[in-house]
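K.L.:
Handing you this structure, nothing more for now.
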Amino acid sequence: MKKFTKEIVGLFSSGTRCRILEMLREGYDHPDDIAEELDLTRQAVDKHLKSLHDWGIVERNAVFPPEGRPKIVYELTKPGRQLMNTLDRLAERYKRTMIDRAEDEIEQLDIKLASGEISEKIYKKKVKEIKERWDYEGLKDEKH
């Protein structure tokens with residue numbers, strides 16, 4: 001794996017950072033709102049946002065309300081949105097590959113069962129093992 005790829009994967013390896021990105025995608029923009037929704041400190045959210053900003057995935061802007069102090073808000077950059085969409089598509093393709101592999105293995109067992117090479121008891125045991133190994137039911141049920 002290339003160094004830059006490892007760094008990107010590392011950036012997205014944080015569940016909190018990924019949730020922050022999803023929230024920005026959903027329209028959240030202020031760190032206080034994100035912190036409250038995720039039950040984190042504002043400082044923790046700021047740290048994650050800084051990493052994302054340093055990578056050009058989010059940008060920050062000042063908003064000047066008619067009354068009160070200016071506030072800093074965040075949004076996904078176009079490249080950040082494109083990267084997230086690309087990662088979603090890659091993960092979806094890989095998920096489909098995993099489902100296909102599990103289904104191929106089960107199909108091979110179907111053939112062995114039909115030809116009498118294995119008993120129904122062994123068939124059920126091996127199908128269960130395949131489904132657990134590939135988290136087959138979880139992959140099939142997952143919406144996003």
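The values are calculated or read from the model by the stated rules, or taken from the named source; none is laboratory data. Since this is a predicted model, take the numbers as computed values, not measurements. Here the Cβ positions follow ideal geometry from the backbone for every residue, glycine too, while neighbour counts run over all protein chains shown.
K.L.:
For residues in segment 125-136 being assigned to a helix (DSSP H, G or I) and surrounded by 15 or more Cβ atoms within 10 Å (Cβ to Cβ), which is farthest from the chain's Cα centre (by Cα)? Write out each step before concluding.
P.N.:
The initial filter retains those residues of segment 125-136 that are assigned to a helix (DSSP H, G or I), namely 125-133, 136.
Still in the list and also surrounded by 15 or more Cβ atoms within 10 Å (Cβ to Cβ): 126-127, 130-131, 136.
Working: Lys126: 30, Val127: 27, Ile130: 24, Lys131: 21, Tyr136: 18 Å.
In this case the residue turns out to be Lys126.
K.L.:
Something else about it: What do you reckon, is Ile122 outside any helix (DSSP H, G or I), of a type in the set (A, V, I, L, M) and over 30 Å from Asp29 (Cβ atoms)?
P.N.:
The answer is no for Ile122.
K.L.:
With Leu113, Leu139 as the choices, which residue is without any contact (Cβ under 8 Å) to a residue 40 or more places away in the chain, more than 30 Å from Ser51 (Cα to Cα) and either exposed (fewer than 11 other Cβ atoms within 10 Å of the Cβ) or among the hydrophobic types (A, V, I, L, M, F, W, C) (or both)?
P.N.:
Working: Leu139 fails: without any contact (Cβ under 8 Å) to a residue 40 or more places away in the chain.
Step by step, each of Leu113, Leu139 is checked, and only Leu113 is without any contact (Cβ under 8 Å) to a residue 40 or more places away in the chain, more than 30 Å from Ser51 (Cα to Cα) and either exposed (fewer than 11 other Cβ atoms within 10 Å of the Cβ) or among the hydrophobic types (A, V, I, L, M, F, W, C) (or both).
K.L.:
Related question: Restricted to segment 104-135, and to residues that are aliphatic (A, V, I, L, M) and touching a helix residue (DSSP H, G or I) at 6+ places or on another chain (Cβ under 9 Å), which residue is farthest from Tyr94 (Cα to Cα)?
P.N.:
Looking at the filtered set, the residue picked out is Ile118.
K.L.:
State yes or no: is Ala91 aliphatic (A, V, I, L, M) and at pLDDT 95 or above?
P.N.:
Judged against the criteria, Ala91 is not a match.
K.L.:
Any residue at all in segment 86-94 that's basic (Lys, Arg) and under 25 Å from Glu22 (Cα atoms)? Spell out the reasoning first.
P.N.:
Let us first name the residues in segment 86-94 that are basic (Lys, Arg), namely 89, 93.
Restricting the remaining residues to those that are under 25 Å from Glu22 (Cα atoms) gives 89, 93.
Yes, there is a match, as at least one residue in segment 86-94 is basic (Lys, Arg) and under 25 Å from Glu22 (Cα atoms).
K.L.:
If you go through segment 11-22 one residue at a time, do you hit one that is among the small types (Gly, Ala, Ser) and surrounded by 15 or more Cβ atoms within 10 Å (Cβ to Cβ)?
P.N.:
There is no residue in segment 11-22 that is among the small types (Gly, Ala, Ser) and surrounded by 15 or more Cβ atoms within 10 Å (Cβ to Cβ).
K.L.:
Could you go through segment 62-81 and let me know if any residue there is without any contact (Cβ under 8 Å) to a residue 24 or more places away in the chain, of a type outside the set (S, T, N, Q) and closer than 30 Å to Leu139 by Cβ. Walk me through how you get there before you give the answer.
P.N.:
Filtering segment 62-81 for residues without any contact (Cβ under 8 Å) to a residue 24 or more places away in the chain gives 62-70, 77-79.
Checking the rest, the ones that are also of a type outside the set (S, T, N, Q) come to 62-70, 78-79.
Now drop any that are not closer than 30 Å to Leu139 by Cβ, which leaves 79.
Yes; the residues of segment 62-81 include at least one that is without any contact (Cβ under 8 Å) to a residue 24 or more places away in the chain, of a type outside the set (S, T, N, Q) and closer than 30 Å to Leu139 by Cβ.
K.L.:
Let me ask something else about it. Looking at the structure I just gave you, is Ile106 closer than 30 Å to Ile130 by Cα, over 19 Å from the mean Cα position of the chain (by Cα) and either surrounded by fewer than 14 Cβ atoms within 10 Å (Cβ to Cβ) or in the same structural domain as Asp135 (by TED's automatic domain parsing) (or both)?
P.N.:
Values: closer than 30 Å to Ile130 by Cα: yes; over 19 Å from the mean Cα position of the chain (by Cα): yes; either surrounded by fewer than 14 Cβ atoms within 10 Å (Cβ to Cβ) or in the same structural domain as Asp135 (by TED's automatic domain parsing) (or both): yes.
The answer is yes for Ile106.
K.L.:
Restricting the search to segment 26-61, which residues are touching a residue at least 40 places away in the same chain (Cβ under 8 Å) and over 16 Å from Leu11 (Cα atoms)?
P.N.:
Listed by number, the residues that qualify are Asp29, His30, Pro31.
K.L.:
Next question, about the same structure. Take Leu87 and tell me if it is in contact (Cβ under 8 Å) with a residue 24 or more places away in the chain and closer than 30 Å to His30 by Cα.
P.N.:
Criteria met by Leu87.
K.L.:
Same structure, new question: Give the residues of segment 116-132 that are of a type in the set (D, E, K, R) and without any contact (Cβ under 8 Å) to a residue 24 or more places away in the chain, sorted by residue number.
P.N.:
Answer for segment 116-132, where residues must be of a type in the set (D, E, K, R) and without any contact (Cβ under 8 Å) to a residue 24 or more places away in the chain: Glu117, Glu120, Lys121, Lys124, Lys125, Lys126, Lys128, Glu129, Glu132.
K.L.:
Can you pull out every residue in segment 1-33 that is over 21 Å from Asn85 (Cα atoms) and outside any loop (DSSP other than H, G, I, E, B)?
P.N.:
Across segment 1-33, the qualifying residues are Lys3, Pro31, Asp32, Asp33.
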